[in-house]
Amino acid sequence: MRAVKFAGAALAAVIVVIAVLLVVGIPSGFLTSTIASRVESATGYRLSIDGTTKISLWPTLNVTLNDLTLADPRDRSGVTRLTVDSVQADMSLSSVWSGRPEISELVVTRPVLYQPLLRERLPNAGSSSKPLAPDVGGASIARVKV
């Protein structure tokens, strides 16, 4: 009888821990380098994620990235960059497993684009850049909120 009570208490503790992880989120710092390298290979811009990365499974699968900076690696001064406080992508788990993620909502919080003044730019700074056409690998985004 005592062993059954111990097993029941252990099972209840495991269920509580799983429930807390589903609601609060799973810390996922391991995703940071993968996401940054995929963005750099698709766009040519360097992404640095200085904040936390979190995966939450309830009520839908969402990934939240905090303190992002997107910069051109050819810009030595570092003046031209985009900073974002957080990006949250909501998607279904089945679409992620299928390999073609369908993002139902992408929420971008406080994006700030830093650009030098026209008088401070180099004479031919923008003439050699090609337009941005990233390969998103079959992902689709239904709605974007800023």
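The values are calculated or read from the model by the stated rules, or taken from the named source; none is laboratory data. As the structure is a prediction and not an experimental result, all values here were calculated from the model. For neighbour counting, all protein chains shown are included, and Cβ atoms are generated from backbone atoms with ideal geometry for every residue, glycine included.
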When every residue in the stretch 97-115 that is over 14 Å from the mean Cα position of the chain (by Cα) and under 12 Å from SER140 (Cα atoms) is compared, the one modelled with the highest pLDDT is SER104
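Which of the strands (runs of 3 or more DSSP E) contained wholly in the stretch 1-76 include at least 1 residues that are at pLDDT below 85 and closer than 22 Å to GLN88 by Cα? Give the derivation first.
On the way: elements: 46-49, 53-56, 61-71.
Per the criteria, 53-56.
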Here the residues within the stretch 40-51 that are more than 17 Å from PRO111 (Cα to Cα) and surrounded by 14 or more Cβ atoms within 10 Å (Cβ to Cβ) are GLU40, ALA42, THR43, GLY44
